[in-house]
Amino acid sequence: MGHEAAVLKSIAGPTMLLLAVDARGRVDGLLFELAVEQRYRNATATNIEAVYTFPVPSGATLLDLEVRLGDKLLIGVVVEKRTAEAQYEEAIDKGDTAIMLERVADGLYTLNLGNLMAGEEATIRYVYAQTLRFEHGSARLTVPTVIAPRYGNLADAGFQPHQVPANDLGVQYPLTLSIELHGPMAKGSVSSPSHPIAVTAIEGAIAITLARTASLDRDFLLTMEGLKSQSSAIVAKDGEGYVALASFCTAVPPSASELPMRLKLLIDCSGSMAGDSIAAAKRALHRILEGLQPADQFSLSVFGSNVVHVVDTLTAASASAIADVAARIRSIDATLGGTEMAKALRSVIQIGGADGAADILLISDGEIMAADSLVAEACGAWQRVFAVGIGSAPAEAVLRRLAEATAGACEFVAPKEDVEAGILRMFARLRAPRVERVDITWPLTPRWTTQLPRGLFGGETIHVYAGFDALPTGEVDIALRPYGDGASVTAAAALPPHCSDDPQLARMAALARIANADAATHLRLALDYRLLTDRTNFIVVHVRGEENKATQLPQLQKLAQMHAAGWGGVGSVVESRRTAYARSLEVRSLKCLVSADDLEDDIPFSTTQESVDTSVRTDSVAVSRSREPIPVPVDWASLLRVLDAQYTSSWLGKLPTTLKELARLGVHGDVMDQMTRAHMRGMKERVIVHAFLAALEPWAVAGGVSRQLLRALRHLLRDSDIRRALAWHIEGLIGKPASHDAHS
């Protein structure tokens, strides 16, 4: 008997919805602005709703959204989130096209493209800006392109079902990219540890382009070495006033190389670190051990689902201790299961007593869903966390948030990158005395200033924004005063005599102000400065002519991420390979996208009794039933989870129409018996089934199902037969959840 070859099939279907991505950027001084175009085409025979979650740099300001649909150019507006969501759903309901961009978390955004018609193309263009930093004579620019799979509970992380990024080995999205460097960044040695690049001199600047065809499977990294770190300042108009950005770069305190370290090393050995990442982590760990001095103390722990303390006390960094640990590193591998980072951090904090007399150096890809518990664990102890992000697509926002909340710092190491420079910079921070006080002196008294980060270190840029009623001129000074008897370090930045009319600096400053604003101020700044935050969305609505409107609800097409190169052992940035392990990872990563048969076998249904509302309504009259409530052997929450997974899967996207399909979802007992009898008496089966589903809407609202399923359930009520069936019979079989009134 012959054997068929194994074939890897994409969950995205036979056609790719995202055709290509083009990114074009410019660096001026320490400001970086990037315009990204995503080009989509609906090659299916029906209208669709395309949903794509993508990354941007942590802390970047998303400035603009434009949509080109056919020959129309549409400009996005910023409105309060609830208003945007209502406008989006209303447009979908009317058959019009709507585009909404929403913030999922720091560094993650979801694009919603509703009612892209059959055969149509759309180009989405968004622009973001961020500040760059000098770090000990170097600078680093990152363009995130892919979201690697993350460990943890999606609900705890605040993700809605449509926002959750999936990954698919079968998709490939082409990337083109070009960046111009102007000013001091153009004067260093430029290289990319992530991509082959071409460097071309242009008038007063240099242009960077990709030297080969690239895809969205790894972040683009650009490093600039041999720079002269310097302080600078810029000023721009802000309505009737002015906004200034001062970028200070002080010297390294002279005592930095003299202070011994008490260092707790915590290494991520979860499954996502397999392959390139664990290899890079080992290189970094060896370099750290080489940098320890006899006066230093260290411990070593590794973690995944559980934490293992390889060196469980703070131990003197003697030559014999270093040699022993270096030998044991050979056996470290990414085999410890899930990424229980908060639990590991809690355990490591206790080493040597949680008295704050030590620092933690974490080496990880940071691929977890929720960072709140992690940050809470770290902030509960007076111990700084310094993070080294490893891999081709580390979760930058998670690691930066953890480090900044504890007055630590971050470094990132790509698979092909030499760890030497990054570890040396980290050691300079670790050995430096902590800053006790910061004094900034402006030539005019500012109306407001932004808050400085908790972790401040000499030799690298510190940004601060300030607002003024009059044009500030002259110099602005900073002084970092360390704890103890250490000498202060100072720097000065010259404010320019003229200001810019570019509005983007004021918008970047407003986003920085939002970070520490109350809810009312947050919303006011976001709306005034057209900023996308967790309280506002970008929205675009294209009202179609009656003849061009969609006549049915769009089918959900959720765009999967490419797998990050080297993630979890799936291929390698260093060498190209495919393994059986990689294929098994793909199966596990797609475990939620299964058929109805699989769902029926894998998801247990509860048999708890539900209290049922015994009053049903006709079109205008409430009728009370005299009989006792019907026993309902169905757990509506479980049923809706299964229905939601089925409806939002790209392979189906349809509601059940038969009683047999309901039975496969888990509907049985008296509920199914009564619906079956109604069908035998002549009621249409589709009407019965859809009335039953429409009656589940209150449970769907209370249970937080996807908006696609909610939209479909509410759409059923357009049918007068379904409304009559719902009022006549079905609603009383189901009842309403106790929390329905709060959600209505």
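The values are calculated or read from the model by the stated rules, or taken from the named source; none is laboratory data. Every value quoted in this text rests on a predicted model; they were computed, and no experiment measured them. When we count neighbours, we look across all protein chains shown, and the Cβ atoms used for this are built from the backbone with ideal geometry, even at glycine.
Which of (1) surrounded by fewer than 19 Cβ atoms within 10 Å (Cβ to Cβ); (2) part of a loop (DSSP other than H, G, I, E, B); (3) modelled with pLDDT of 90 or more is the odd one out, the single condition D439 does not satisfy?
Going through the list (1) surrounded by fewer than 19 Cβ atoms within 10 Å (Cβ to Cβ); (2) part of a loop (DSSP other than H, G, I, E, B); (3) modelled with pLDDT of 90 or more, D439 breaks only (2).
Keeping to the stretch 456-485, report how many residues are assigned to a loop (DSSP other than H, G, I, E, B) and either basic (K, R) or crowded, with 20+ Cβ neighbours inside 10 Å (or both). Talk me through it step by step, then tell me what you get.
Within the stretch 456-485, the first condition is being assigned to a loop (DSSP other than H, G, I, E, B), and the residues that meet it are 456-459, 469-473, 483-485.
Remaining after also requiring either basic (K, R) or crowded, with 20+ Cβ neighbours inside 10 Å (or both): 456-459, 472.
So the answer is 5.
Only one of T209, T176, T213 is under 23 Å from V56 (Cα atoms) and under 24 Å from the mean Cα position of the chain (by Cα); which?
Going through T209, T176, T213 in turn, the sole match is T176.
Only one of these is crowded, with 17+ Cβ neighbours inside 10 Å, of a type in the set (V, I, T), at pLDDT below 95 and under 29 Å from M369 (Cα atoms): I99, I48. Name it. So that I can check it myself, show each step before the final result.
Details: I99 fails: at pLDDT below 95.
On inspection, the qualifying residue turns out to be I48.
Taking into account only those residues within the stretch 330-352 that are in a loop (DSSP other than H, G, I, E, B) and of a type outside the set (A, V, I, L, M), which is nearest to E367 (Cα to Cα)?
T339
Consider A517 against the criteria (1) within 19 Å of Q451 (Cα to Cα); (2) assigned to a helix (DSSP H, G or I): it satisfies all of them except one. Which criterion is unmet?
All conditions are met except number (2).
Of these, E420, E367, which one is touching a Lys or Arg at 6+ places or on another chain (Cβ under 6 Å) and modelled with pLDDT under 90?
Result: E367 is the single residue among E420, E367 that is touching a Lys or Arg at 6+ places or on another chain (Cβ under 6 Å) and modelled with pLDDT under 90.
I'd like to check something: does the stretch 285-303 contain any residue that is in a loop (DSSP other than H, G, I, E, B), within 29 Å of the chain's Cα centre (by Cα) and closer than 22 Å to L374 by Cα? Lay out the reasoning, then the answer.
Filtering the stretch 285-303 for residues in a loop (DSSP other than H, G, I, E, B) gives 292-296.
Next, only the ones that are within 29 Å of the chain's Cα centre (by Cα) stay: none.
No, because not a single residue in the stretch 285-303 is in a loop (DSSP other than H, G, I, E, B), within 29 Å of the chain's Cα centre (by Cα) and closer than 22 Å to L374 by Cα.
Please go through the stretch 102-113 and pick out each residue that is modelled with pLDDT of 95 or more and either closer than 16 Å to L556 by Cα or among the acidic types (D, E) (or both).
Matches in the stretch 102-113: E102, T110, L111, N112, L113.
Residues of the stretch 317-362 being under 24 Å from S373 (Cβ atoms), among the acidic types (D, E) and touching a helix residue (DSSP H, G or I) at 6+ places or on another chain (Cβ under 7 Å), which ones?
Hit for the stretch 317-362 is D359, nothing else.
Filter the stretch 648-669 down to residues that are at pLDDT 80 or above and either over 28 Å from N167 (Cβ atoms) or in contact with a Pro (Cβ under 9 Å, 6 or more places away or on another chain) (or both), then give me how many there are. Lay out the reasoning, then the answer.
At the first step, the residues of the stretch 648-669 found to be at pLDDT 80 or above are 654-669.
Filter once more, keeping what is either over 28 Å from N167 (Cβ atoms) or in contact with a Pro (Cβ under 9 Å, 6 or more places away or on another chain) (or both): 656-669.
Matching residues across the stretch 648-669 total 14.
Counting only residues that are part of a strand (DSSP E or B) and in contact with a Gly (Cβ under 7 Å, 6 or more places away or on another chain), which one in the stretch 215-233 is nearest to C249 (Cα to Cα)?
S232
How about the stretch 380-426: which of its residues are surrounded by fewer than 20 Cβ atoms within 10 Å (Cβ to Cβ), over 19 Å from the mean Cα position of the chain (by Cα) and either not in a loop (DSSP other than H, G, I, E, B) or not assigned by TED's automatic domain parsing to the domain that holds E290 (or both)?
If the condition is that a residue be surrounded by fewer than 20 Cβ atoms within 10 Å (Cβ to Cβ), over 19 Å from the mean Cα position of the chain (by Cα) and either not in a loop (DSSP other than H, G, I, E, B) or not assigned by TED's automatic domain parsing to the domain that holds E290 (or both), then E420, A421, L424, R425 are the ones that fit.
Take A281 and decide whether it is in contact (Cβ under 8 Å) with a residue 24 or more places away in the chain and surrounded by fewer than 18 Cβ atoms within 10 Å (Cβ to Cβ).
No.
Here are L374, L361: which of them is assigned by TED's automatic domain parsing to the domain that holds V302, more than 27 Å from H195 (Cβ to Cβ), crowded, with 24+ Cβ neighbours inside 10 Å and within 17 Å of the chain's Cα centre (by Cα)?
On the way: L361 fails: within 17 Å of the chain's Cα centre (by Cα).
After ruling out the rest, the residue left standing is L374.
Of all residues being aromatic (F, W, Y) and surrounded by 20 or more Cβ atoms within 10 Å (Cβ to Cβ) in the stretch 129-162, which is farthest from E33 (Cα to Cα)? Just the residue, please. Please lay out each step first, then the result.
From the stretch 129-162, those aromatic (F, W, Y) are 134, 151, 159; that's our starting set.
The next check asks that each one be surrounded by 20 or more Cβ atoms within 10 Å (Cβ to Cβ); those that pass are 134, 159.
Numbers: F134: 17, F159: 28 Å.
It comes out as F159.
Which ones in the stretch 543-583 are surrounded by fewer than 20 Cβ atoms within 10 Å (Cβ to Cβ), out of contact with any strand residue (DSSP E or B) (no Cβ under 8 Å at 6 or more places or on another chain), at pLDDT 80 or above and not small (G, A, S)?
V543, E546, E547, N548, K549, T551, Q552
Within the stretch 269-326, which residues are farther than 18 Å from L430 by Cβ and either touching a His at 6+ places or on another chain (Cβ under 9 Å) or of a type in the set (D, E, K, R) (or both)?
Within the stretch 269-326, D276, K282, R283, V302, D312, D324, A326 qualify.
Restricting to the stretch 468-525, name every residue that is free of Cβ contacts under 8 Å to residues at least 40 places away in the same chain and more than 17 Å from L245 (Cα to Cα).
The answer is D485, S488, A517, D518, A519, A520, T521, H522, R524, L525.
Pairs, please: C-beta under 6 Å, at least 6 apart or cross-chain, first residue assigned to a loop (DSSP other than H, G, I, E, B) and in the stretch 74-89, second crowded, with 19+ Cβ neighbours inside 10 Å?
What qualifies is G76/L65; G76/F538; G76/V540.
Just checking, which of L227, L221, L216, L210 is crowded, with 16+ Cβ neighbours inside 10 Å, of a type in the set (A, V, I, L, M, F, W, C), in contact with a His (Cβ under 6 Å, 6 or more places away or on another chain) and closer than 23 Å to F412 by Cβ?
Being crowded, with 16+ Cβ neighbours inside 10 Å, of a type in the set (A, V, I, L, M, F, W, C), in contact with a His (Cβ under 6 Å, 6 or more places away or on another chain) and closer than 23 Å to F412 by Cβ holds for just one of L227, L221, L216, L210, which is L210.
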